[in-house]
1. Looking for whichever is assigned to a loop (DSSP other than H, G, I, E, B) and either of a type in the set (Val, Ile, Thr) or in contact (Cβ under 8 Å) with a residue 24 or more places away in the chain (or both) here; the options are Asn134, Asn61. Which one fits?
2. Answer yes or no as to whether Asn103 is over 18 Å from the mean Cα position of the chain (by Cα), at pLDDT 95 or above, on the phi > 0 side of the Ramachandran plot and not in a helix (DSSP H, G or I).
3. Among the residues of the range 256-275, write down those that are polar (S, T, N, Q) and surrounded by 16 or more Cβ atoms within 10 Å (Cβ to Cβ).
4. Please specify each residue of the range 156-175 satisfying the condition of being surrounded by fewer than 15 Cβ atoms within 10 Å (Cβ to Cβ), among the aliphatic types (A, V, I, L, M) and either modelled with pLDDT under 95 or within 15 Å of Ala218 (Cα to Cα) (or both).
5. Can you name every residue in the range 242-259 that is basic (Lys, Arg) and within 19 Å of the chain's Cα centre (by Cα)?
6. Answer yes or no as to whether Gly217 is over 30 Å from Leu158 (Cα atoms), part of a loop (DSSP other than H, G, I, E, B) and among the small types (Gly, Ala, Ser).
7. Please pick out the residue among Val142, Val153, Val180 that is at pLDDT 95 or above, among the β-branched types (Val, Ile, Thr) and farther than 22 Å from Val114 by Cβ.
Amino acid sequence: MSTSETSYWRVDFLLVLYVGILHLSNTKGDIQPLIPGIMVFGDSIVTVGNNNHLTTVVQSNFPPYGRDFMNQLPTGRFCNGKLALDFTCENLGLPKYPPEILNKELAKGENLLVGANFASGGSGYYETTARLYNTIPLSKQVEYYKEYQIKLVDVAGLSNATSIIKGSIYLVSAGTSDFVQNYYVNPFLYEVYTPYQFSDILIQAYSHFVQELYRLGARKIGVSTLPPIGCLPASITLFGKGCNECVTKMNSVAQYFNKKLNATSNILKAKLSGLNIAVLNVYKPLYNLIQKPNDFGFFEVRKACCGTGLLETSFLCNEKSPGTCANATGYIFWDGFHPSEATNKILANELLLDAMSLLS
């Protein structure tokens, strides 16, 4: 067994042990969730179908998306199967996945007791990113959250609703679309700002967003870092200048952003009484997978499973896309931008370890 395999076995063992202890310490025989719910904000990494209800090119509610999900049905998740978010909900013992807020059939009644998903593919910290693709910017996601709070009180009563609001984890995933689908392809941005200046703008928006969630009752916030955006198959194809290696300058920007994200999160924790923020480091585990895929059971890094694996995402990844792989378990990426289910399972375990402070 390699060192990396041993490390991940230990991560899985410690994770199961820790979660098991928490279950036992908080129950009288019946398994109970470790938190009341999860409120999800951000982009395509965590959306579960809100874009299905919009007129936008950023969609995934058609095959082969979802081919390895429950009943082999596409749901609007940008993956062949489960997201890291889905595995996290299962690890935390939630009885069901928080519904997408725009689904009128699901986002009602008792389904709201486990939280809700406000995320939208193509969204980001920069408001214009979502507007470019006619998706839901964070400012609108917050408005939907305010409406959710009113519905929650109607369903659970004021006291229970208050407990759910304060006890739930608020998961935020944004920034990747701001860079890959906006900044680097938008001369109105890259000719005005350096990528580092643009990072600072995004961090300011992040700070404002967290303070708004805090004002609305959030006390446990998990925010994901940027992944190694220069290693996404689409990034290498679009910006790699013919090289099949990760785009170093893009990864350097991601690392700069992540450092600022950590520093700003610490400032916010010190500023806002009772606020607990956990920074979920997506960059490191995903980069490790990409650098040593064989150690983790993967064989394909450069290409995604869908189509040619070089660029396709959303409508470019469809049933007629030539070259789509038969089995995605050996692929780190499902499409040009998004991890496969196999990758998401590994990331979920790593990120849950980062989020342990939010479970107390």
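The values are calculated or read from the model by the stated rules, or taken from the named source; none is laboratory data. Since the model is a prediction, treat every value here as computed from it, not as a measurement. So basically every Cβ, Gly included, is an ideal-geometry build from the backbone, and we count neighbours across all protein chains shown.
1. Asn134
2. Answer is no for this residue.
3. Asn258, Thr264, Ser265
4. none
5. Lys259
6. Judged against the criteria, Gly217 is not a match.
7. Selected residue: Val180, the only one of Val142, Val153, Val180 that is at pLDDT 95 or above, among the β-branched types (Val, Ile, Thr) and farther than 22 Å from Val114 by Cβ.
Conditions tested, residue by residue: (1) buried (at least 16 other Cβ atoms within 10 Å of the Cβ); (2) within 15 Å of the chain's Cα centre (by Cα); (3) touching a residue at least 12 places away in the same chain (Cβ under 8 Å).
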| position | (1), (2), (3) |
| --- | --- |
| Lys303 | yes, no, yes |
| Thr308 | yes, no, yes |
| Gly330 | no, no, yes |
| Trp334 | yes, yes, yes |
